[in-house]
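One structure is given below, encoded as structure tokens.
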Amino acid sequence: NLLSGFLLLSKPGIRLYVIIPLLLNTLLFASTIYFGVHRLNELIEWLTSNWTWTEWLSWILWPIFVLVALTIVFFCFSIIANLIAAPFNGFLAQAVARHLQGKTPKADANLKSLSVELISGFKSEVIKLVYFMTRAAPLLLLFFIPFIQAFAPIIWFLFGAWMLALEYMEYPMSNHGMLFPEVRSNLTEKRALTLSFGISVMLLTMIPILNFVAMPAAVAAATRIWIDRVNADSEFDQQMISKN
């Protein structure tokens, strides 16, 4: 599934929603590093102009700066990239759906006013946060219970995978007017499919370099899963019910 997500990212009309956040993130880090280089250069010039014997410090400060900069980029690039890309994910899911189906999601036809949609979206986020906290807190306690604590990392990993799947599947499903409770209800009926998708996303985020594009690939893959499996099966079930 994730492989299909990667392949979709290069398609016309889709790659724009991947390139723009990536460029913004790169620009942000490049500006930060440039500022750091400028300030460090000023510091070295100030030190050497006042104390000539400190010239040797530049041979130490520059390697330290490069090491710190690389560390920050490695650990923070994907985190900041995800924050910047988040507002684009809904549009990315729409672009993928348009590519796969040749049409825009239907939900736009009966949208309420913008204010009502914003309020609904805010309520959905609050419900999602409550859902996470009410389950994360008890799961964390498992780490302190003898014998059970040996299985706590596995349980926490599976819970994290489940939350990732809900997070990314919500983008294409919310484009069809679904809020988090309905998203969760639909995906709970396909727990194995949802969990396997979440595990693959979780593993991808642990791979250096590839984790930079983990989010857009997951959104694209989630959209394909919604169209090919979740929504398709729901429509089939509804047709069978109507026939009966």
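Taking ILE14 as the residue in question, decide whether it is at pLDDT 80 or above, more than 21 Å from MET169 (Cα to Cα) and out of contact with any strand residue (DSSP E or B) (no Cβ under 6 Å at 6 or more places or on another chain).
no
How do the pairs read when you match residues in region 174-199 that are aromatic (Phe, Trp, Tyr) and modelled with pLDDT of 90 or more with residues anywhere that are open to solvent by 60 Å² or more (accessible area, probe 1.4 Å) and not in a helix (DSSP H, G or I), using Cβ under 9 Å and keeping only pairs 6 or more apart or on different chains?
Within 9 Å, the pairs are PHE197/ASN1.
Of all residues in region 167-185, how many are part of a helix (DSSP H, G or I), under 23 Å from LEU100 (Cβ atoms) and open to solvent by 30 Å² or more (accessible area, probe 1.4 Å)?
Total satisfying the criteria: 4.
Within region 174-187, does at least one residue satisfy the condition of being within 16 Å of ASP228 (Cα to Cα) and among the basic types (Lys, Arg)?
Looking through region 174-187, none of the residues is within 16 Å of ASP228 (Cα to Cα) and among the basic types (Lys, Arg).
Being of a type in the set (Val, Ile, Thr) and under 25 Å from MET169 (Cβ atoms) is the filter; apply it to region 17-55 and report the residue that is least open to solvent (accessible area, probe 1.4 Å).
VAL18
The values are calculated or read from the model by the stated rules, or taken from the named source; none is laboratory data. Please read all numbers here as calculations on a predicted model, not as lab measurements. Reconstructed Cβ throughout: ideal geometry from the backbone, glycine too, with neighbour counts over all protein chains shown. Accessible surface areas use protein heavy atoms only, side chains included; no ligands, DNA or RNA. Shrake-Rupley method; radii C 1.70, N 1.55, O 1.52, S 1.80 Å.
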